[in-house]
Each structure stands twice: as C-alpha cells, then as structure tokens.
1. Inside region 94-121, can you point out the residues that are farther than 16 Å from Ala70 by Cα and either touching a Pro at 6+ places or on another chain (Cβ under 6 Å) or at pLDDT 90 or above (or both)?
2. Any idea which of Glu58, Glu62 is acidic (Asp, Glu) and either on the phi > 0 side of the Ramachandran plot or at pLDDT below 85 (or both)?
3. Identify all residues within region 71-121 that are within 29 Å of the chain's Cα centre (by Cα), small (Gly, Ala, Ser) and closer than 16 Å to Ile144 by Cβ; write none if there are none.
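The values are calculated or read from the model by the stated rules, or taken from the named source; none is laboratory data. All values reported here derive from a predicted model rather than from experimental measurement. Note that each Cβ is placed from the backbone with ideal geometry, even for glycine, and that neighbours are counted across all protein chains shown.
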Amino acid sequence: MPEGSEAAAPATAPVAPAAAAPPPSGRRRFSARRVRLIVVVAVVAVIVFLLLWGMVPERILEVRQVLDDASSNDGKVVQVKGVVRDWNATTGNFTLVDSSQEAKAILVHRSGAFPEGFGENVSVIVKGRFTVVAEGYAMTASEIQVGCPSKY
C-alpha cells in the first residue's frame, strides 16, 4: 500500500454513557398555588376555632348548687338561676331563692336599673360576684335576665 493510501484508522473516542435521571425521592412537590391554598385554609380554620371558642356559654347554676360548693365559688363570678323574693326597689336588694328549696338563698345587691318584668316571684338568672359573708351568702349583680324558666 502506498504511502498515503493507507486508510486512516478511525479515531474512536470513548462514548460517555448518557446521564441518568436522579431517582425519584418520594416527595411530592407542591406548586406555589397549592401552598397558598393550604395556608389560607389553615388560617381560616384557626379563625373559626377562635371564634367558636369565645362563644362557649357560661354554665348556669341553681342556687343550691352554688351554696353546696360555696367555698370554691367564693369570690368568683357566677350565673345563678333562682326566684326573686323580698325585693326592695329603693335599695336594690333582693333575695334569690332556689326554685325547689326555698331555704337556700343568696342576698343579691344590684345598683342600677332592673330589667323589664323584674319583680317578686319571678324566675331570673343573675350574673355577678358571689361571696361568703358572716350573715350568709351575698352576690353583687352585674347582669339580670328575666324570662320564662323553660328558656334556661
């Protein structure tokens, strides 16, 4: 073979293997839109929870229930259901007696106006600070509700 007639040996460069894709990590990627939706739903859920938490009604106790546990109720604001007796409109004092045990009674003082329909032998709910005093039991009323006993 003449010089120059030799076939050039083909240059074979090693071929690099194709880059393999990383294996799936098992994690799901969320789009920005989905993340925003999750955040909004979480915030709304927290707000609804807080609003409902504030709407929990206070427990209404009978006069006998308050007096049976007088030492733990002393100094606390409570709501007490009972019947009005011995109402003195000039002093704002009246006695709240238990509907089933009239011997159980609390002396209540209210400064300010009384609600419409308030009077002797009327069922009411009184909210105020309960105290144990030397003469018995007393309460300073901050709120008075008058109504049909079946409503509460």
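1. Listed by number, the residues that qualify are Phe94, Thr95, His109.
2. Glu58
3. Scanning region 71-121 gives a single hit, Gly82.
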